[in-house]
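Peer 1: One structure, pasted below without further comment.
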Amino acid sequence: MIRVLVLGAAAGGGFPQWNSNSEACRRARAGDPAARPATQASIAVSADGDRWFLINAAPDLREQINRQPQLHPKEGLRSSPIAGVVLTNGDVDAIAGLLNLRERTPFTVFAHPRILDVLAANPIFQILAPEVVARSPLALNEPVPLRGADGRDSGLVLEAFSVPGKVALFMEDASRGESLGTEEGDTIGLEISARDGASRLLFIANCARVDEGVRARCRGASLLFFDGTLWQDEEMIARGEGQKTGGRMGHISMSGDDGSMAALGGLDIERRVFIHINNTNPALLADSPERAKIEAAGWQVAYDGMEIDLP
Ligand code: MLT
Ligand code: MN
């Protein structure tokens with residue numbers, strides 16, 4: 001079995017975002033039930049319900065742990081059910097939460113060497129002392145058993161794969177042309193299965209393009225979490241809330257002929273859920289026509305606290 005908790009559903013900045021005075025953010029602050037606040041994207045997975053692995057460590061992690069009883073300490077005076085953290089990219093919304101896990105309880109960080117290099121290049125992460133927090137490099141396209149710091153098998157198997165994407169925002173190198181210095185491993189997707197079940201969980205919260213590799217991975221998935229950052233590529237510009245297109249940020253949009261709903265439509269995926277939803281995306285609002293459209297296409301929008309059990 002794979003148990004899944006959605007710790008956070010929103011993209012970087014969360015919902016409402018600290019500096020946004022948009023109508024959507026104002027509705028969220030006012031407690032409008034159709035504009036439910038959301039923290040930054042992360043899920044937790046477990047085979048036994050006792051030991052949990054976080055997929056990404058959002059800056060909101062402290063709040064996410066506090067409101068999720070499964071993640072509260074249960075043994076002795078100092079412990080945590082969090083056995084490991086898997087990182088899919090190096091953006092602030094994926095890694096900054098590691099700093100919340102700094103009080104010397106062992107766990108393992110799993111990430112592609114490109115992202116481990118980001119941690120190594122930023123000395124603030126030395127606060128996770130290497131004798132307490134192991135850093136385990138993930139090779140692409142190789143299934144590995146997920147183990148906690150005590151070496152015990154968790155019953156979960158993880159496979160990382162490359163996804164079209166972009167180097168972390170704060171690592172962009174304009175001198176490298178359009179690539180901005182992006183290399184393989186800067187954005188990965190994850191396939192998670194349990195030894196005792198046939199379910200396949202796919203987590204692709206950052207994706208610039210649905211190519212044949214992404215489609216092949218998603219075929220036959222029991223549950224897909226997919227990049228739901230924007231509804232339309234130019235949404236931030238059109239709303240006067242930013243200068244960048246989705247393409248420039250490394251995120252495919254939901255709608256349109258080359259959007260994710262079209263590109264993933266027709267694939268045999270049991271359940272499909274958008275996550276990493278930006279505060280400008282109208283599909284975040286439960287009463288929007290865009291939400292009705294994604295639901296009609298068989299998609300759901302993740303929300304903080306959503307729980308899904310896969311056999
Ligand atoms: C993104 O997903 O594009 C990033 O989270 C941007 C950021 O770090 O603010
Ligand atoms: Mn992000």
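The values are calculated or read from the model by the stated rules, or taken from the named source; none is laboratory data. Bear in mind the structure is a predicted one, so any value in this text is a computation, not a measurement. No Cβ is skipped: glycine too gets one built from the backbone with ideal geometry, and neighbour counts run over all protein chains shown.
Peer 1: Consider Ala198 against the criteria (1) over 21 Å from Ile82 (Cβ atoms); (2) modelled with pLDDT of 95 or more: it satisfies all of them except one. Which criterion is unmet?
Peer 2: (2)
Peer 1: From the residues in region 259-290 that are among the charged types (D, E, K, R) and over 20 Å from the mean Cα position of the chain (by Cα), which one is surrounded by the most Cβ atoms within 10 Å (Cβ to Cβ)?
Peer 2: So the residue we want is Glu290.
Peer 1: Step by step: first the residues of region 20-40, then only those that are within 16 Å of ligand 2 (Cβ to nearest atom) and of a type outside the set (Val, Ile, Thr), then the one that is surrounded by the most Cβ atoms within 10 Å (Cβ to Cβ). Which residue is that?
Peer 2: Gln40
Peer 1: Do the conditions hold for Ile43, that is, is it in contact with a Leu (Cβ under 7 Å, 6 or more places away or on another chain), buried (at least 22 other Cβ atoms within 10 Å of the Cβ) and part of a strand (DSSP E or B)?
Peer 2: Yes; evaluated as a whole, the condition is true for this residue.
Peer 1: While we're here: Filter region 189-227 down to residues that are in a loop (DSSP other than H, G, I, E, B) and touching a His at 6+ places or on another chain (Cβ under 6 Å), then give me how many there are.
Peer 2: Count: 1.
Peer 1: Take region 177-194 and flag every residue that is closer than 25 Å to Ala83 by Cα and either without any contact (Cβ under 8 Å) to a residue 60 or more places away in the chain or within 16 Å of ligand 2 (Cβ to nearest atom) (or both).
Peer 2: Scanning region 177-194 gives Asp186, Thr187, Ile188, Gly189, Leu190, Glu191.
Peer 1: Inspect region 241-255 for any residue being of a type outside the set (Ser, Thr, Tyr), away from ligand 1 (no atom under 16 Å from the Cβ) and surrounded by 14 or more Cβ atoms within 10 Å (Cβ to Cβ) and give the result as yes or no.
Peer 2: no
Peer 1: Can you list the strands (runs of 3 or more DSSP E) found entirely within region 88-176 that contain at least 1 residues being surrounded by 16 or more Cβ atoms within 10 Å (Cβ to Cβ), touching a residue at least 40 places away in the same chain (Cβ under 8 Å) and over 17 Å from the mean Cα position of the chain (by Cα)?
Peer 2: In region 88-176, 107-111, 144-147, 153-162 are the strands (runs of 3 or more DSSP E) which contain 1 or more residues that are surrounded by 16 or more Cβ atoms within 10 Å (Cβ to Cβ), touching a residue at least 40 places away in the same chain (Cβ under 8 Å) and over 17 Å from the mean Cα position of the chain (by Cα).
Peer 1: In this structure, does Gln70 turn out to be assigned to a helix (DSSP H, G or I), at pLDDT 95 or above, more than 15 Å from ligand 1 (Cβ to nearest atom) and more than 26 Å from Ile188 (Cα to Cα)?
Peer 2: yes
Peer 1: Let me ask something additional. Only one of (1) farther than 30 Å from Ala198 by Cβ; (2) touching a residue at least 12 places away in the same chain (Cβ under 8 Å); (3) in a loop (DSSP other than H, G, I, E, B) fails for Cys25. Which number is that?
Peer 2: (3)
Peer 1: Next question, about the same structure. Scan (1) within 21 Å of Val273 (Cα to Cα); (2) more than 16 Å from ligand 1 (Cβ to nearest atom); (3) surrounded by 23 or more Cβ atoms within 10 Å (Cβ to Cβ) for the single condition Gly84 breaks and write down its number.
Peer 2: (1)
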